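Working notes, beginning with the structure itself.
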Amino acid sequence: MEKKVKKKDIFKVGDIVNLKIPKADKGKLGRSHLPCKFLKVKPKGFYNLGCFAGTLNVNYKGNCLESTELTSMAELTNIPNKVVTVTEAVRLQSNVNSVKCKCPNTNCSTMKCACKKLNLSCNIRCHPGKTCHNPSL
């Protein structure tokens with residue numbers, strides 16, 4: 001009879017890992033994992049994680065996380081100083097660059113334009129074939 005040995009992942013502060021997104025929070029076309037960075041090591045093997053949206057409100061054990069070979073990631077360089085849930089982080093992750101303004105008369109020149117209000121450039125899905133004063137470069 002063989003005895004299974006559990007693999008213990010020991011992570012350091014600053015390491016990048018993937019947190020598997022629960023099915024209830026995952027969108028149809030979104031990522032299946034949330035990239036996170038270790039911020040603090042807590043007692044009893046728990047880790048405090050940060051993602052692009054802020055610090056996660058739940059601490060995780062090492063066996064819940066998947067290690068990566070990445071040493072740096074652009075979206076994890078400046079983690080905001082706010083606490084978010086995994087659900088919020090997943091929603092924010094899937095909403096990035098999904099704004100469509102459909103401005104009928106203003107040609108995206110006023111703050112009524114959803115893209116301009118969020119300080120984004122209009123993309124090709126906003127209003128194909130119409131003139132725009134807020135085009136993407």
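Looking only at the range 51-66, which residues have a backbone nitrogen under 15 Å from a spot 7 Å from the Cα of Thr87 in the C-beta direction?
57-58
Which entries of Lys23/Lys61; Lys20/Lys100; Lys12/Lys42; Lys37/Lys117; Lys37/Lys100; Lys40/Lys82 have Cα-Cα distances beyond 22 Å here?
Lys20/Lys100; Lys37/Lys117; Lys37/Lys100, as the Cα separations exceed 22 Å there.
Determine, for each peptide in 63-70, 84-91, the mean count of other beta carbons within 10 angstrom over its residues, then list the peptides with the highest first.
84-91, 63-70
How large is the Kirkwood hydrodynamic radius of the range 56-115, counting all unique pairs of alpha carbons, in Å?
15.3 Å
Any number yet on Rg/Rh for the range 16-95, C-alpha, Kirkwood?
Result for the range 16-95 is an Rg/Rh of 0.93.
Bear in mind these aren't lab numbers, they're just calculated from the coordinates by the rules spelled out. Worth saying up front: this structure is predicted, and the values here are computed from it rather than measured. Here Cβ is always computed from backbone atoms with ideal geometry, including for glycine, and neighbour counts include all displayed protein chains.
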